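Data block below; observations after.
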Amino acid sequence: MATKARFQAIRGTRDLLPPDTALWNRVEQTAREIFGTFGFGEIRPPIFEPAGLFARAVGGETDIVSKEMYTLEDYEASDLLDRTALALRPEATASVCRAYIEHNMQQWPQPVRLYYMGPMFRRERPQKGRYRQFYQIGAEVLEAVRPETAKDAVKELAKDAAVDAEVIEMVMTFFSRLQLEGAQLEVNSIGHAAPPVDGKNVCRRGYVEHLRSELAKVKDQLGADSQRRIETNPLRVLDSKLEHEQPIIEKLPRIASHLCEECKAHYAELKRQLDLRAVPYKENWRLVRGLDYYMRTTFEITARGLGSQNAVCGGGRYDGLVELLGGPPAKGIGFAIGEDRLILSLEESAKARATGKPESTVASRQSIDVYIAWMGANACAAAIRAARSLRAAGVSVELPPAEQKFGKALERAAKLGSRFALILGENELQSGEWTLKNLADGSQRKLTESELPGFLERATQ
Ligand code: HAM
């Protein structure tokens, strides 16, 4: 018989399987707990959105939108001509801002603090830590700008910097709760892109002009990507990882000397606030990020064991983005953690810690506390009862659907990594006392049906 061609997961996507998914769940649960203590609530935006949303928010010239976005076309059956371009979301900040506008969140108590987790899609070249479907855990703080706040600009700047620092503190708290090793925070300020004043470009615009003219002088020494970026987005040249470009980039002008007074004050206050919170950081003047919506604060966190894709979190401030998407004037700051990379790094650290220690037994794919080894028609009903009362007590149970010889049952229980086997046969039914075997040390004890849930609940905690 001819074998049928099999299907495979698409390049850059993968199945996450047990027991690995247990760590994913723990990470997500910890995020919910920590973010909850900082006053964040969960938002679950859709996975596809109008493609234009990302083009406008992230920037049509960015790699994410121009090269990596998965787009599709959709239409209502009633109107074949009314076609809309959709995109699988490459990130979720744009979606959160869209939702802020759509649900009039400027009328909620401000700021609005939201977190999300879920899959994102980018058509990147797959490699370790880089996938086409990957998972982010992110958070955003959005705050409508009230007319009265314009009065005390200095106070507002200090407040914004404190919000930035608190958001960063939250990620670092989360990482340290997970015992992530070697997390390194880098911060920068990329100023703001105000329109020219008296024909003069200030802050980031002035810097970009200066940078462009300096880059033009060394154009011949740069690679094709950087040459192209001199025109499209000179800031991204600073992101280049090409070895031969490094000494050239190091000599380029730096944004710090171009920042306007407000941006300087904001950045200084951010650093002071991080110190107050005992959050260690390094400054990196080349940290410009690959999305267009940022202003002032940008930050990234790297972790160990990830090779070249070592950024485990990226974020920054994006005042004005909500307005750009048709909403009210609003400020924003947020980040997204690459969950795949976070998990990789946690696994690498765990492996490193285990070196020199004996190999642990293979983790069970389904973690089981109790395997019920039953035999005989009468024992079947008792086994079902026992499974129900144990599960109600939070104990995980494997109940074989058909009777098995006790030897076979114990073998399977061991294979599954079960901690106990509950033995139920004619003898047990007659005596009213069931046999519980501890599979780790082989010891046995007798328990009545009513003693069982309480004992196992304590024993498996
Ligand atoms: P991003 O830097 O594009 O920022 O992505 C954040 C993180 O997602 C990265 O640091 C990385 O850990 C992970 N990541 C990105 N692409 C991939 C990939 N192909 N495979 C695996 N992991 C990946 C954003 O997405 C912004 N929305 C963050 C933000 C939120 N800024 C403000 N608020």
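Of the residues that make up the range 93-101, is at least one polar (S, T, N, Q), out of contact with any Cys (no Cβ under 7 Å at 6 or more places or on another chain) and within 14 Å of the ligand (Cβ to nearest atom)? Even if it seems obvious, please write down each step before you answer.
Applying the first criterion (polar (S, T, N, Q)) to the range 93-101 yields 93, 95.
Those still in the list that are out of contact with any Cys (no Cβ under 7 Å at 6 or more places or on another chain) too: 93, 95.
Keeping just the survivors that are within 14 Å of the ligand (Cβ to nearest atom) gives 93, 95.
Looking through the range 93-101, at least one residue is polar (S, T, N, Q), out of contact with any Cys (no Cβ under 7 Å at 6 or more places or on another chain) and within 14 Å of the ligand (Cβ to nearest atom).
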Restricting attention to the range 130-141, and to residues there that are crowded, with 21+ Cβ neighbours inside 10 Å and more than 6 Å from the ligand (Cβ to nearest atom), which single residue is farthest from the chain's Cα centre (by Cα)?
-> Val141
Within the bounds of the range 269-283, is there any residue that is assigned to a loop (DSSP other than H, G, I, E, B) and open to solvent by less than 60 Å² (accessible area, probe 1.4 Å)?
-> yes
All conditions in (1) without any contact (Cβ under 8 Å) to a residue 40 or more places away in the chain; (2) part of a loop (DSSP other than H, G, I, E, B) are true of Gly290 except (1)
The correct count of residues that are closer than 17 Å to Ala383 by Cα and of a type in the set (Asp, Glu) in the range 395-424 is 2
Conditions (1) among the polar types (S, T, N, Q); (2) in a loop (DSSP other than H, G, I, E, B); (3) open to solvent by less than 50 Å² (accessible area, probe 1.4 Å); number of the one not met by Thr21 = (2)
Answer with yes or no whether Tyr115 is more than 12 Å from the ligand (Cβ to nearest atom), within 28 Å of Glu169 (Cβ to Cβ), modelled with pLDDT of 95 or more and hydroxyl-bearing (Ser, Thr, Tyr).
-> no
Going through (1) within 16 Å of the ligand (Cβ to nearest atom); (2) more than 24 Å from Ala158 (Cα to Cα); (3) open to solvent by less than 10 Å² (accessible area, probe 1.4 Å) one by one, Glu245 fails only at (1)
Do any residues in the range 61-82 that are over 30 Å from Pro234 (Cα atoms) have Cβ atoms under 6 Å from those of residues that are assigned to a loop (DSSP other than H, G, I, E, B) and aliphatic (A, V, I, L, M), where the two are at least six apart or on different chains, and which pairs are they?
-> none
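Please work out if Glu73 is out of contact with any Leu (no Cβ under 9 Å at 6 or more places or on another chain) and open to solvent by 10 Å² or more (accessible area, probe 1.4 Å). Walk me through how you get there before you give the answer.
Numbers: out of contact with any Leu (no Cβ under 9 Å at 6 or more places or on another chain): no; open to solvent by 10 Å² or more (accessible area, probe 1.4 Å): yes.
Judged against the criteria, Glu73 is not a match.
In the range 389-405, how many are assigned to a loop (DSSP other than H, G, I, E, B) and either under 16 Å from Trp374 (Cβ atoms) or open to solvent by less than 40 Å² (accessible area, probe 1.4 Å) (or both)? Spell out the reasoning first.
Our first condition is that a residue be assigned to a loop (DSSP other than H, G, I, E, B); within the range 389-405, this holds for 393-396, 399-405.
This time we only want the ones that are either under 16 Å from Trp374 (Cβ atoms) or open to solvent by less than 40 Å² (accessible area, probe 1.4 Å) (or both), so: 393, 395-396, 399-405.
Adding up the residues that qualify gives 10.
For the range 196-208, name all the residues that are closer than 15 Å to Glu262 by Cβ and under 37 Å from the mean Cα position of the chain (by Cα).
If we filter the range 196-208 for residues that are closer than 15 Å to Glu262 by Cβ, which is where we start, we get 197, 202-207.
Hits for the range 196-208 are Val202, Cys203, Arg204, Arg205, Gly206, Tyr207.
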Tally the residues that are within 11 Å of the ligand (Cβ to nearest atom) and either open to solvent by 20 Å² or more (accessible area, probe 1.4 Å) or modelled with pLDDT of 95 or more (or both), restricting the search to the range 296-344.
-> 31
Neighbours by Cβ (under 8 Å, 6+ apart or cross-chain): first from the range 157-181, touching a residue at least 24 places away in the same chain (Cβ under 8 Å) and among the basic types (Lys, Arg); second assigned to a loop (DSSP other than H, G, I, E, B) and open to solvent by 10 Å² or more (accessible area, probe 1.4 Å) = none
Looking at this structure, is Ser226 part of a helix (DSSP H, G or I) and either modelled with pLDDT under 90 or more than 28 Å from Lys282 (Cβ to Cβ) (or both)?
-> no
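The values are calculated or read from the model by the stated rules, or taken from the named source; none is laboratory data. Not measured: the values here are computed from a predicted model. Quick reminder, even Gly has a Cβ in these numbers, built from the backbone with ideal geometry, and neighbours come from all protein chains shown. Surface areas here come from the heavy atoms of the whole protein model, side chains and all, with no ligands, DNA or RNA. Shrake-Rupley method; radii C 1.70, N 1.55, O 1.52, S 1.80 Å.
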